[in-house]
Amino acid sequence: MLAFKLAFKNLVGAGLRTWLNVSVLSFAFVVIVFYNGMLDGWNRQGRSDTKAWETGNGQYWHPLYDRYDPFSLQDAHAVVTGEAAKLTKENQITPILITQATAYPQGRMLNVMLKGIDPNQKILMIPSGSLKAQNGEIPALIGKRMAESTHLQKGDHVLVRWRDVNGTFDAREILITEIFSSNVPTIDVSQIYVPLSSLQEMTGMKDEATFLVANGTLNNTEIKGWTFKDSKFLLKDFDEMIDTKKGGSRIIYLLLLSIALLAIFDTQVLSIFRRQKEIGTYIALGMTRSRVIRLFTVEGSMHSILALILGSLYGIPLMLLINKYGIPMPKSADQAGIAISEKIIPFYSLGMLVSTVLLVVISATIVSYFPTRRISKMKPTDALKGKIQ
Amino acid sequence: MEPTIIPMKKLIISIILCLFLFPVFAQDAKNILEKVDRNMSSKNRIMESSMTIHGKRSSRTLTSKTWSEGMDKSFSEYLSPAADKGTKMLKLEGQLWIYSPTTDRIIQISGHMLRQSVMGSDLSYEDMMDDRKLTDLYNAKVIKEEKLGDRNTYVLQLTAKVDNVAYFSQKVWIDTERYIPLQQEMYAKSNQLLKRTELKDVKQIQGRWFPTTIVYKDMLKQGNGTEFKMTSILFDQKIPEYIFSKAALKQ
């Protein structure tokens, strides 16, 4: 306790030098917390949006389906029968059928995915309820990104060409009945949603689907003829992207932390050099060398405690403000094909806060300890005389 | 308004005429297609051609030399532009390989890849590869006679009789004297016109009439289609067998 009291007195006594070190360290602390909070917030939002709009709580794929290979679609479809049909009736899964097609908005040629979705499904947030047949026309639903790139509006007709199950071309005009807005670009860009039964009829794939999206209650139930893909697999791309972002941000905040720690290191070296007489006195009064080392180490690491307090003083109101208004993202941010909302609300988990505090305190203690090792080599008599050692 | 009444006698005559004429037309259609096949096919041919792809903003021209034997053997080498020079294609009994000099590799185009466009043109590899006879794929009937430009033509309506055809129905305009197709239209199941092919500049080569310019047009997209011009063509030549081998691709 004595060491803490002494350390605190010494630090406060050092005046501006201490507060400069503390300020830089507190800035590094706040930046680390903010950056991690922002990435965690994005991660939570992105994962929940992707699950709500695209992946559900897992999917059952046709064994030949490969989401990265559009050519696999030609063969990756099967009739939804038995257990799968039963679960579909119970609204526990919803079948999706996909086929490659070409759309011709304003005479331009655009490769698209035609996706058949049940208008009555409730598992995904896609507003499939608006896929109501009108005067024998095929109703279609597109996302706002697709609408922007094709200049299509609600009520427009667009010609679509596709091939049926035998490879024979067919083409018809479809009617855009709704344009939806989603944070998940992978369900929007170059995609057109039509009623499942219409697509099955158009392609000659009666009662067939490419994959089945599960709701939360299924829990990996096996369905014969379909391969279950869990959320970990389906969100792999997103998780990898967040990990990459975290890796990149780690470099930035470690650099910032290094600058703050270097300042503490310098202060410690200077303290030991200038306070040799004080060190000699402590030892002469009966303190062991290790106790003096502890005293100086605690003094150095106290910088981090003060930095945490200072950082909290301006960081907490700042972060509360950011949480209230969110961080606006530029419109082009989702062009990389990753789910991102218009505003990111940072999320500060207890684990992240504790680990950041530990990182700052432990690293400050380590850099404070190294210069103090010289004390163990000091002769108390020379130290008392103030001889440079 | 009084309803129009068709006299019974007239109606019976019309039905009888239809019943008699329909088989005649059906028979004619088959004969016509066979005559076209005979006219258009040869033992082999060596041809130099240019393919101009008219895009929305610009056009580009590729020139090539092709050796072909029957319907199922063909070897093409692109001569220009510089970016495509040396690219070679070998079609051998339903299989297709492409050699690209930039990568120095031979790749086989198969399965769904066959549905991609050939060098960015309005033609797909599948269009190029389909060597089945029209009579094997379609039921044909003559629907009318029509003047196309200054030529008299039979208009044939072809409707698919097998499942695995790209186009459900086609209309073909065939010259009544020379028995060569002058225009072809491909339709979707919904009767939407998808592609139109015009065959022009008919010349007499080695005693047979042959169209030397073909314009392929995807009717759903903008642009003026792809123009295929044969600058020289020789029929029934001696073509060494090694031409139609994978080894020839890298030579």
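Considering segment B:193-216, and only residues there that are buried (at least 18 other Cβ atoms within 10 Å of the Cβ) and within 14 Å of chain A (Cβ to nearest Cβ), the residue that is nearest to B:Val36 (Cα to Cα) turns out to be B:Lys195. When B:Thr226 is tested against (1) surrounded by 19 or more Cβ atoms within 10 Å (Cβ to Cβ); (2) within 14 Å of another protein chain (Cβ to nearest Cβ); (3) closer than 24 Å to B:Lys30 by Cβ; (4) among the β-branched types (Val, Ile, Thr), only condition (3) is not met.
Would a scan of segment A:132-139 turn up a residue that is within 14 Å of another protein chain (Cβ to nearest Cβ) and touching a strand residue (DSSP E or B) at 6+ places or on another chain (Cβ under 8 Å)?
Going through segment A:132-139, the residues within 14 Å of another protein chain (Cβ to nearest Cβ) turn out to be A:136-138.
From the residues that got through so far, the ones that are touching a strand residue (DSSP E or B) at 6+ places or on another chain (Cβ under 8 Å) too are A:137-138.
Yes - at least one qualifying residue is present in segment A:132-139.
Any residue that is crowded, with 17+ Cβ neighbours inside 10 Å, assigned to a helix (DSSP H, G or I) and within 14 Å of chain B (Cβ to nearest Cβ) - is there at least one of those in segment A:199-216? Yes, segment A:199-216 contains at least one residue that is crowded, with 17+ Cβ neighbours inside 10 Å, assigned to a helix (DSSP H, G or I) and within 14 Å of chain B (Cβ to nearest Cβ). Evaluation of B:Ser121 against the conditions (1) touching a residue at least 24 places away in the same chain (Cβ under 8 Å); (2) at positive phi shows that the sole unmet condition is (2).
Every residue, every condition in (1) of a type outside the set (Asp, Glu); (2) surrounded by 20 or more Cβ atoms within 10 Å (Cβ to Cβ), yes or no:
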{"position": "A:Trp42", "(1), (2)": "yes, yes"}
{"position": "A:Asp49", "(1), (2)": "no, no"}
{"position": "A:Thr55", "(1), (2)": "yes, yes"}
{"position": "A:Asn91", "(1), (2)": "yes, no"}
{"position": "A:Leu97", "(1), (2)": "yes, yes"}
{"position": "A:Ala103", "(1), (2)": "yes, yes"}
{"position": "A:Met109", "(1), (2)": "yes, no"}
{"position": "A:Gly116", "(1), (2)": "yes, yes"}
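Conditions (1) touching a strand residue (DSSP E or B) at 6+ places or on another chain (Cβ under 7 Å); (2) on the phi > 0 side of the Ramachandran plot; (3) not charged (D, E, K, R), marked per residue:
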site: A:Leu25; (1), (2), (3): no, no, yes
site: A:Phe29; (1), (2), (3): no, no, yes
site: A:Tyr35; (1), (2), (3): no, no, yes
site: A:Leu39; (1), (2), (3): no, no, yes
site: A:Arg44; (1), (2), (3): no, no, no
site: A:Gly56; (1), (2), (3): yes, yes, yes
site: A:Gln59; (1), (2), (3): yes, no, yes
site: A:His62; (1), (2), (3): yes, no, yes
site: A:Ala84; (1), (2), (3): yes, no, yes
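What are the residues in segment B:238-251 that are touching a residue at least 60 places away in the same chain (Cβ under 8 Å) and exposed (fewer than 12 other Cβ atoms within 10 Å of the Cβ), if any? Passing the criteria: only B:Lys250.
Going residue by residue through segment A:164-187, is there one that turns out to be surrounded by fewer than 15 Cβ atoms within 10 Å (Cβ to Cβ), away from every other protein chain (no Cβ under 14 Å) and not basic (Lys, Arg)? Before the answer, list the steps.
Keep residues of segment A:164-187 that are surrounded by fewer than 15 Cβ atoms within 10 Å (Cβ to Cβ), which gives A:166, A:181.
Checking which are away from every other protein chain (no Cβ under 14 Å) leaves us with A:181.
Pick out the ones that are also not basic (Lys, Arg) and you get A:181.
Within segment A:164-187, one or more residues are surrounded by fewer than 15 Cβ atoms within 10 Å (Cβ to Cβ), away from every other protein chain (no Cβ under 14 Å) and not basic (Lys, Arg).
Scanning segment A:77-87 for residues that are within 14 Å of A:Thr210 (Cα to Cα) and assigned to a helix (DSSP H, G or I) turns up A:Ala84, A:Ala85.
Yes/no matrix, rows are residues, columns are (1) among the basic types (Lys, Arg); (2) modelled with pLDDT of 85 or more; (3) surrounded by fewer than 14 Cβ atoms within 10 Å (Cβ to Cβ):
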residue	(1), (2), (3)
A:Trp226	no, yes, no
A:Lys232	yes, yes, yes
A:Leu235	no, yes, no
A:Lys246	yes, no, no
A:Tyr253	no, no, no
A:Leu256	no, no, no
A:Leu262	no, yes, yes
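Taking strands (runs of 3 or more DSSP E) that fall entirely within segment A:89-189, which contain at least 1 residues that are among the hydroxyl-bearing types (Ser, Thr, Tyr)?
On the way: elements: A:93-104, A:110-117, A:138-143, A:157-163, A:169-180.
Result: A:93-104, A:169-180.
Scanning segment B:155-172 for residues that are part of a strand (DSSP E or B), surrounded by fewer than 21 Cβ atoms within 10 Å (Cβ to Cβ) and either more than 13 Å from chain A (Cβ to nearest Cβ) or among the acidic types (Asp, Glu) (or both) yields B:Val155, B:Gln157, B:Lys171. When segment A:69-89 is limited to residues that are within 14 Å of another protein chain (Cβ to nearest Cβ) and of a type outside the set (A, V, I, L, M, F, W, C), the one that is surrounded by the fewest Cβ atoms within 10 Å (Cβ to Cβ) turns out to be A:Asp69.
The values are calculated or read from the model by the stated rules, or taken from the named source; none is laboratory data. In this text the structure is predicted, and so the values were computed from the model without any measurement. Virtual Cβ from ideal backbone geometry, glycine too; neighbours counted across all protein chains shown.
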